[in-house]
1. Is there a residue in region 191-200 that is modelled with pLDDT under 95, surrounded by 18 or more Cβ atoms within 10 Å (Cβ to Cβ) and of a type in the set (D, E, K, R)?
2. Has region 6-18 got at least one residue that is modelled with pLDDT of 95 or more and either within 18 Å of L494 (Cβ to Cβ) or under 28 Å from the mean Cα position of the chain (by Cα) (or both)?
3. If the requirement is being in a helix (DSSP H, G or I) and free of Cβ contacts under 8 Å to residues at least 24 places away in the same chain, which of these qualifies: V245, V257, V203?
4. Go through region 477-515 and report how many residues are outside any helix (DSSP H, G or I) and either over 29 Å from the mean Cα position of the chain (by Cα) or not aliphatic (A, V, I, L, M) (or both).
5. Mind listing whichever residues of region 654-665 are in contact with a Pro (Cβ under 9 Å, 6 or more places away or on another chain) and more than 17 Å from N707 (Cβ to Cβ)?
6. Could you tell me how many of the residues in region 304-340 are over 26 Å from N181 (Cα atoms) and touching a helix residue (DSSP H, G or I) at 6+ places or on another chain (Cβ under 9 Å)?
7. Condition test on D531, is it outside the structural domain of G367 (by TED's automatic domain parsing), buried (at least 16 other Cβ atoms within 10 Å of the Cβ) and either of a type in the set (V, I, T) or within 25 Å of the chain's Cα centre (by Cα) (or both)?
8. On the basis of being within 27 Å of the chain's Cα centre (by Cα), of a type in the set (D, E, K, R) and part of a loop (DSSP other than H, G, I, E, B), does E596 make the cut?
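The values are calculated or read from the model by the stated rules, or taken from the named source; none is laboratory data. Being a predicted model, the structure only gives us computed values, none of them experimental. Note that each Cβ is placed from the backbone with ideal geometry, even for glycine, and that neighbours are counted across all protein chains shown.
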Amino acid sequence: MAEKDEAASEKQPDIRTSMCRICASNCPILVTVEHGRAVKVAGDRSAPMFEGYTCPKGRALPEQHNGPARLLHSLKRHPNGSHAPIASARALDEIAAKVQTILDTYGPRSVALYYGTGILNFLPTLSVALGWMKAIGSPMAFSVSTIDKPGAHIAQAAHGYWPAGHPPFDTAQAWMVIGLNPLISKSGGFPPNNPGRRLKEAVESGRMRLIVIDPRRTETAQRAHIHLQARPGQDPAILAAMIHVILKEALHDHEFVAQEVTGIDALRRAVGPFTPEFVARQADVPAGMIIEAARLFAASRYAGVGCGVGPSFALTGSLTEYLSLALMTICGFWSRAGDEVTRPNVFLPSYEPRAQAMPPFPIRPDGPKLRVRGLGFSAAGMPTAALADEILLPGEGQIKALFCLGGNPMMAWPDQARTARALQSLELLVCADPEMSATARLSDYVIAPKLGLEMPATSVVAEAAKYLGHLRGIEGPFGHYAPAAVDPPEGSDLLADWELYYGLAQRMGLPISMTSHFGIGPHVEATEQVDELDMVNTPSDEDLLAIYSRRSRVPLDMVKAHPHGHIFDEARCTVLPKRPSHPARLDVGNGDMMAELARHAVVSGEASTRFPFTLISRRSNRLMNSAGHSNRLLGGLEPTNPAYFHSSDLTALDIQARDRVRLSSAHGSVVAIAAVDDGLRPKCVSMTHCFGLNPDEEENPETTGCNIGRLLSADAEYDIVTGIPRMGAVPVAVELARRDDEGGPRQTTAAL
């Protein structure tokens, strides 16, 4: 019998707890391991709050780790453009020597760092990379934030911050999402833990009414009580009209406004012209629906607003985010003394959540300046959209070396042609990439990194997201630690991303300090954490995680005792009262924002004759920006990014689904495959970003898709603070490139 029991136990699958780190949701997962390899990923039903949820990207992690596209050794580019394997230690030796030569020749500003969403894989990596940048004296650190949703940071700087947070989602009677589709994107402004179930429970129970502002009837909009299917770029006008109705009908929270708010008179004057009737004409939505949305929102016991990249790409991100904050503030939708804190810290340090405002802070604080377009450091960070020009512009301060951490500039940066010229002109381009991405193919060195299941992690990312915009991050005192589920593949030569920067510092004789700032802008919840790393004895991944968690509210060892994650009741806390005579208030009448709103009152929503269509963005459930295209379970099922039209537009153009169409803007053109989405407004085209190849590579719209960055210009139209250019609501013309059923090209000259 003992032998049978032993044999049966040997057949039990080896299932290990872990967490997905593809996005900031940090979904708990179970990893089935066979012969040291991950072969299956499923949601962890024993994890609280998530109910076993995971998305296709998480379930495809085994293919990411084991698939044929993965790099298992670092590569060096040769003069003929080819890449050959190089030992990681030798690569670091050569890179360190080249960086030192560049620094000696051009100075510290000649070396830049760009980091993307890949840093979510292991957050301490960013602290190490920034520590190396500080050690070499370079302030030129850029992030994806300023080409994603920089307006969230700008709005919080202009408005101020409420450290007590807001009531829980489960108490909301209304919720509004603007240019956001959380059922697909899982992004901020909506609970990230199993968002589909959260929305279904809230809407189908009748507890909550959903308001959606979006030119497309998205998966989320299909559940809406009110869907304002407005013209792209009209989000601020609709918000202004809602505020107009609320103030005119005195539906706001008079007591909260009197005690905690400034700028209400300026806001009232600014929204004066935005009557529902005026905005109905501008946005092409019924005035009655605007009024209904305003009354429904204001009459709720609690309501929230989440904004996506739609407004941000349309160059209205800062104003939309600011008016969203103003709307919540005049309605008093913030937690009060005695309420339970919705987002208490587990891995972040303890802090005092008081029912009082943290005052606005400078949108343009002192910081490094660029040489182009008058741009520089802002509350959102350094302006990434100007980085290509900083590389191309000769003279003192020109960037000569670029390090890419968890990002793919050739796919993500706007104005792809300019990006290609810039990256190809560098003296040194280094990226850490698990595959030969578009940027890797241009790089001098490609460092093959460890992937998520090969490294430990904590849920600090989901927790810290609350500083990236209101209503972001996970609710409740949830904490989760996951050890590495598998070892790197046998025979591989991989580095953790942080080891690149640590290894360079070692070779250059530089110290590295890991600095962790927990708070919003200059408002720090706890003493800033600075840890000097041992530069002789290389730390492990676990060592860095322990350092990063050293000041956590709940000790890391306590979290480790719960392999499926845990709700830590000991981290629960209540909002403390306002300190006597506390002077700070939330500002709903910021001068810059009110001036921008005034300019918006004269913006026409009509399309031009030359470019009668408007290109808007959409997200894929299988892809995370540029990641996943080589994965047969993700990009293999979605190899192209179709251009979606309302069927009436295709009929008018004499174009059929699956025809090739050429989209042209004032700055370039791309060829895509036509598809039908009758949830779109007519005269809108909807496409997913981060597809296609490099400009000098042969692109096939049916197998690789197209890069819509070629339709954009980095400097033709841009936000003067963050530098983000127009990346959405782009005027385009459309023409037929070829009819598939005719077997050959059929060029047309008409562009409606």
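1. The initial filter retains those residues of region 191-200 that are modelled with pLDDT under 95, namely 191-200.
Narrowing further to those that are surrounded by 18 or more Cβ atoms within 10 Å (Cβ to Cβ): 191-195, 198-199.
Narrowing further to those that are of a type in the set (D, E, K, R): 198.
The answer is yes, given that some residue of region 191-200 is modelled with pLDDT under 95, surrounded by 18 or more Cβ atoms within 10 Å (Cβ to Cβ) and of a type in the set (D, E, K, R).
2. Yes - at least one qualifying residue is present in region 6-18.
3. Values: V245 fails: free of Cβ contacts under 8 Å to residues at least 24 places away in the same chain; V257 fails: free of Cβ contacts under 8 Å to residues at least 24 places away in the same chain.
Of the residues listed, the single one that is in a helix (DSSP H, G or I) and free of Cβ contacts under 8 Å to residues at least 24 places away in the same chain is V203.
4. Taking region 477-515 as the starting set, the residues that turn out to be outside any helix (DSSP H, G or I) are 477-496, 509-515.
Among the residues that remain, those that are also either over 29 Å from the mean Cα position of the chain (by Cα) or not aliphatic (A, V, I, L, M) (or both) are: 477-481, 483, 487-493, 509-511, 513, 515.
Final tally of qualifying residues: 18.
5. A657, R658 - these are the residues of region 654-665 that are in contact with a Pro (Cβ under 9 Å, 6 or more places away or on another chain) and more than 17 Å from N707 (Cβ to Cβ).
6. 1
7. Working: outside the structural domain of G367 (by TED's automatic domain parsing): yes; buried (at least 16 other Cβ atoms within 10 Å of the Cβ): yes; either of a type in the set (V, I, T) or within 25 Å of the chain's Cα centre (by Cα) (or both): no.
Criteria not met by D531.
8. Details: within 27 Å of the chain's Cα centre (by Cα): yes; of a type in the set (D, E, K, R): yes; part of a loop (DSSP other than H, G, I, E, B): no.
In short, no.
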